[in-house]
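**Student:** Just dropping this structure here.
The values are calculated or read from the model by the stated rules, or taken from the named source; none is laboratory data. Everything numeric in this text was worked out from a predicted model, so none of it was measured. When we count neighbours, we look across all protein chains shown, and the Cβ atoms used for this are built from the backbone with ideal geometry, even at glycine. All accessible areas refer to the heavy atoms of the entire protein, side chains included, with ligands and DNA or RNA removed. Shrake-Rupley method; radii C 1.70, N 1.55, O 1.52, S 1.80 Å.
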Amino acid sequence: MAGSNAKEIRVAGSGRILVAPLGTAAPADTTAAWGADWKDLGYTTTDGVKVAKKDKIDPIDTWQSVSPARFVYSDRDLTFKFQMLQLNEDTMPFFFGGGAVTQVGTSGVHKYEMAAEPKFDERMLGVEFTDGNDVKYRLIVARGQVTETEEMALVRTAPLKLGVTYTALAVDEKAPLVTFLMKDPAYAAV
């Protein structure tokens, strides 16, 4: 419905972020459960997730005109930025670029070794949020990876934060960069 409608204002009141290996089946709607291969990254800061879409449009200039004759799309970036608050076998490799946490003997000690050379660590990403009882959104990225990490501060007055920027990558020319699933009465007229 066009025009002003306060019932269409959304607040991402509570949510979660999940990752899965490439090719994992994604939920078909907002009521289906996330499969066992989807790992919930747990608590994040109150900033939630910042989603940014940036398109680069190049002008085609001509000798005959001072304004461009047309534009050409040359780039599209879709990023998801968030800070994880939990340290575990899922968040450490996601932040540091792959690998695995392993157990050292039977002493209860675990080890994570960050590779000396970076390797591609492509994964699927799922973001889910609710607004009250009747509204649920899911964003599913079929392919992407962490392209930037924030510095991790080790201080006595604040929790450790694993801040990442995850960038969506194309699967192929026909697949979407991101899929939005919405259980939202605002779309009932569609």
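**Student:** Just to be sure I follow the definition: excluding the sites themselves, where is the longest run in the chain that has none of the GluC sites (Glu not before Pro) in a DSSP loop with at most 14 other Cβ atoms within 10 Å?
**Tutor:** 1-88
**Student:** Per residue of segment 164-178, in order, report the coupling 6.51 cos²θ - 1.76 cosθ + 1.60 (Karplus, θ = phi - 60°) as ³J(HN,Hα) in whole Hz, putting x for Gly and Pro.
**Tutor:** 10, 10, 9, 10, 6, 10, 5, 7, 7, 5, 9, 7, x, 6, 8
**Student:** Residue separation times 0.36 nm, minus the C-alpha to C-alpha distance between residue 165 and residue 64: what's the value?
**Tutor:** Details: separation 101, 0.36 × 101 = 36.36 nm, distance 4.27 nm.
Computed gain between residue 165 and residue 64 is 32.1 nm.
**Student:** Would you check segment 1-142 for Lys pairs whose C-alpha atoms are within less than 16 Å, ignoring same-chain pairs closer than 8 in sequence, and give me the count? Display every interim value, and only then the final one.
**Tutor:** Working: 7/136; 50/81; 53/81; 54/81.
Within segment 1-142, the lysine pair count is 4.
**Student:** While we're looking at this one, here's another question. Distance between Cα centroids, segment 59-76 to segment 141-190: provide it in whole Å.
**Tutor:** Centre-to-centre distance over Cα atoms comes out at 32 Å.
**Student:** With N residues in segment 1-160, what two-decimal value do you get for its Cα radius of gyration over 2.2 N^0.38 Å?
**Tutor:** On the way: Rg = 20.7 Å, N = 160, 2.2 N^0.38 = 15.1 Å.
Its radius of gyration relative to the 2.2 N^0.38 Å reference: 1.37.
**Student:** Separate question: Using the heavy atoms of the protein chains and a 1.4 angstrom probe, tell me the accessible area per residue for segment 1-123 in square angstrom. Don't skip to the end; give the middle numbers.
**Tutor:** Numbers: 8870 Å² over 123 residues.
The answer is 72 Å² per residue.
**Student:** At 1.4 Å probe size, with the rest of the protein present, what percent of the exposed accessible area of segment 9-156 is carbon and sulfur atoms?
**Tutor:** Working: 5200 of 9880 Å².
Exposed carbon and sulfur together represent 53 percent of the surface.
**Student:** Give the range of the longest stretch in the chain that excludes all chymotrypsin sites (Phe, Trp or Tyr not before Pro) found in loop regions by DSSP and having at most 16 other beta-carbon atoms within 10 Å. Spell out each step's value before the answer.
**Tutor:** Working: sites that count: 43, 63, 120.
Formally, the longest exposed-site-free interval is 121-190.
**Student:** Still on this model: What base-10 log of the normalised intensity I(q)/I(0) is obtained for segment 70-159 from the Debye formula, alpha carbons as equal point scatterers, at q = 0.11, 0.21, 0.22 Å⁻¹?
**Tutor:** At q = 0.11, 0.21, 0.22 Å⁻¹ the computed log10 ratios are -0.50, -1.21, -1.25.
**Student:** Convert 20 °C to kelvin, take the viscosity as 1.002 mPa s, use the Kirkwood radius over C-alpha pairs of segment 120-177 as Rh, and evaluate the Stokes-Einstein diffusion coefficient in µm²/s, rounded to a whole number. Please report the intermediate quantities before stating the final value.
**Tutor:** On the way: Rh = 14.0 Å.
D = 153 µm²/s.
**Student:** With a 1.4 Å probe and every protein chain left in place, tell me how much accessible area residue 74 has, in Å² to the nearest 10.
**Tutor:** Taking all protein chains as shown, residue 74 has close to 60 Å².
**Student:** Please state, to two decimals, what the Cα-based radius of gyration of segment 1-65 comes to when divided by 2.2 N^0.38 Å (N = residues). Kindly include the intermediate steps, with their values, before the conclusion.
**Tutor:** Numbers: Rg = 19.9 Å, N = 65, 2.2 N^0.38 = 10.7 Å.
Normalised Rg, Cα atoms only: 1.85.
**Student:** Quick one: which residues, 5 or more positions from residue 76 or on another chain, have an amide H under 5 Å from its amide H? H modelled 1.01 Å from N in the peptide plane, none for Pro or chain starts.
**Tutor:** Distant-sequence amide H within range of residue 76: 56.
**Student:** Could you give the length gained by full extension between residue 133 and residue 183, i.e. 0.36 nm per residue of separation minus their alpha carbon distance, to one decimal place?
**Tutor:** Numbers: separation 50, 0.36 × 50 = 18.00 nm, distance 1.03 nm.
Roughly 17.0 nm would be gained on extension.
**Student:** While we're here: Could you calculate, for segment 46-113, the ratio of the Cα radius of gyration to the Kirkwood radius, expressed as Rg to Rh? If you can, show how the numbers build up before the last one.
**Tutor:** On the way: Rg = 23.0 Å, Rh = 16.6 Å.
Radius of gyration relative to Kirkwood radius: 1.38.
**Student:** Also, quick follow-up: Mind listing the phi-derived Karplus ³J(HN,Hα) values for segment 118-135, rounded to whole Hz, using 6.51, -1.76 and 1.60 with θ = phi - 60°, and x for any glycine or proline?
**Tutor:** So the Karplus estimates, Gly and Pro as x, are x, 10, 5, 10, 7, 8, 8, 10, x, 10, 10, 9, 10, 10, x, 8, 9, 10 Hz.
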